[in-house]
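The values are calculated or read from the model by the stated rules, or taken from the named source; none is laboratory data. For clarity, every value in this text was computed on a predicted model and none was experimentally measured. Here the Cβ is made from the backbone with ideal geometry for all residues, glycine too, and neighbour counts use every protein chain on show. Just the protein is used for accessible areas: all its heavy atoms, side chains included, with ligands, DNA and RNA removed. Shrake-Rupley method; radii C 1.70, N 1.55, O 1.52, S 1.80 Å.
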Amino acid sequence: QVQLAESGGGLVQPGGSLRLSCVASRTTFDYYAIGWFRQVPGKEREGVAGVSSYNDLTYYADSVKGRFTISRDVAKSTVYLQMNNLAPEDSAVYYCAAGHYTYLKEARVQYLEGWGQGTQVTVSS
């Protein structure tokens with residue numbers, strides 16, 4: 001039932017910006033909070049940011065605070081991740097996931113309801 005699709009990844013220079021999109025089904029968008037995770041090969045998937053479905057509560061990983069902004073577009077049932085001042089350490093496959101806000105914030109991956117396919121972000125000169 002949960003349906004998500006990410007897009008917007010690509011190659012960007014250090015200091016550059018990128019905006020990722022996560023399009024959700026209407027039901028998924030209305031019922032669940034949506035968050036972003038990232039993963040590099042051989043490393044554990046880590047939480048990046050998330051937003052609740054009802055009252056626009058948000059959270060950010062310390063590593064991206066002040067640089068990344070998560071937002072919701074209700075009309076398009078889409079969650080965005082605006083990434084500014086990107087650094088090579090931000091390179092990863094970025095995934096969006098749907099679930100209850102607390103589970104997203106706590107990065108309790110096994111309790112989340114569904115995932116998108118991932119989109120590659122590469123920050124390099």
Which one, S52, S21, S63, has the greatest fluctuation when you compute a Gaussian network model over the chain with C-alpha springs under 10 angstrom? S63
Suppose every K and R has +1 on its Cβ and every D and E has -1 on its Cβ; what is the size of the dipole of the stretch 16-55 about the Cα centre, in Debye to the nearest 20? 120
Which value, in debye to the nearest 20, describes the size of the charge dipole of the chain about its Cα centre when Lys and Arg Cβ atoms bear +1, Asp and Glu Cβ atoms bear -1, and nothing else is charged? 100
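Given a 1.4 Å probe and every protein chain left where it sits, what share in percent of the accessible area of the chain is carbon and sulfur? Please list the in-between numbers first.
Details: 2990 of 6500 Å².
Carbon-and-sulfur percentage of accessible area, whole number: 46.
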Can you work out the accessible area per residue across the stretch 38-86, with the rest of the protein chains kept in place, probe 1.4 Å, in square angstrom? 55
Over the Cα atoms of the chain the radius of gyration and the largest Cα-Cα distance (Dmax), both in Å, equal 13.3, 40
Within the set G114, G47, G16, GNM on the chain using Cα springs under 10 Å gives the largest fluctuation to G16
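Given the rule -39500 (n - 2.57) for each run of at least 4 DSSP H residues, summed and divided by the residues of the chain, what is its mean residue ellipticity at 222 nm, to the nearest 500 deg cm²/dmol? It would help to have the intermediate numbers written out before the result.
Values: 2 runs with 11 residues, N = 125.
The helix contribution divided over the chain gives -2000 deg cm²/dmol.
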